[in-house]
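K.L.:
The following block contains the structure, expressed as structure tokens.
The values are calculated or read from the model by the stated rules, or taken from the named source; none is laboratory data. These numbers were taken from a predicted model, which means no experiment stands behind them. Counting neighbours? That spans all protein chains shown, and the Cβs are built from the backbone with ideal geometry, glycine included.
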Amino acid sequence: MTKKTALILSALGSLVALFPAIWHALFSCYESSLFFCQSPYGTVVSITLPFFPLLLLTLLTYRMKNEVFLAWWRFAWWWALIIAGVTLFLNTAGGGGGIGIEGAISTGFDIFVLSILYAVLIIVSVVKIVRAYLRTR
């Protein structure tokens with residue numbers, strides 16, 4: 001994948017995730033029949049949230065050598081897909097049952113798991129970028 005394609009893809013994904021905030025600022029969501037005010041669109045937004053760090057890190061690597069970008073992108077793309085998959089699973093999993101986690105504890109657990117995944121994405125990305133940059137100097 002080229003830098004330009006990655007930049008466009010991550011920018012579009014970020015816009016999809018940002019769109020509900022813009023929508024809510026422009027229109028009220030008291031009308032529940034509006035698609036962008038309904039719960040399924042919230043799932044789409046949470047799945048596209050990994051595009052924000054991808055956009056920032058793509059902008060960081062855009063002016064660097066292509067080897068630096070590719071070393072980072074190979075990891076980041078797959079890890080972002082893992083985050084999206086785990087997010088989809090957590091959003092669509094039924095509450096209760098299993099090990100008995102439900103309610104506020106379940107939400108806290110979801111946030112904890114996603115925080116770890118995002119932290120790994122950002123920390124490993126920065127390490128990969130710095131290592132590849134120092135190798136290509």
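K.L.:
Please verify whether segment 56-73 includes one or more residues that are part of a loop (DSSP other than H, G, I, E, B), surrounded by 15 or more Cβ atoms within 10 Å (Cβ to Cβ) and modelled with pLDDT of 70 or more.
P.N.:
yes
K.L.:
Report every pair of residues separated by at least 6 positions or lying on different chains whose Cβ atoms are under 8 Å apart, first residue within segment 1-13 and touching a residue at least 12 places away in the same chain (Cβ under 8 Å) and part of a helix (DSSP H, G or I), second crowded, with 16+ Cβ neighbours inside 10 Å and of a type in the set (V, I, T).
P.N.:
What qualifies is K3/T58; K3/T61; A6/T58; L7/T58; S10/T58; G13/T48.
K.L.:
Let me ask something additional. Inspect all residues belonging to segment 87-105 and state whether any of them is under 30 Å from M1 (Cβ atoms), at pLDDT below 90, in contact with a Ser or Thr (Cβ under 6 Å, 6 or more places away or on another chain) and of a type in the set (F, W, Y).
P.N.:
Within segment 87-105, none of the residues are under 30 Å from M1 (Cβ atoms), at pLDDT below 90, in contact with a Ser or Thr (Cβ under 6 Å, 6 or more places away or on another chain) and of a type in the set (F, W, Y).
K.L.:
Something else: Could you check how many residues of segment 33-55 are at pLDDT below 75 and assigned to a loop (DSSP other than H, G, I, E, B)?
P.N.:
3
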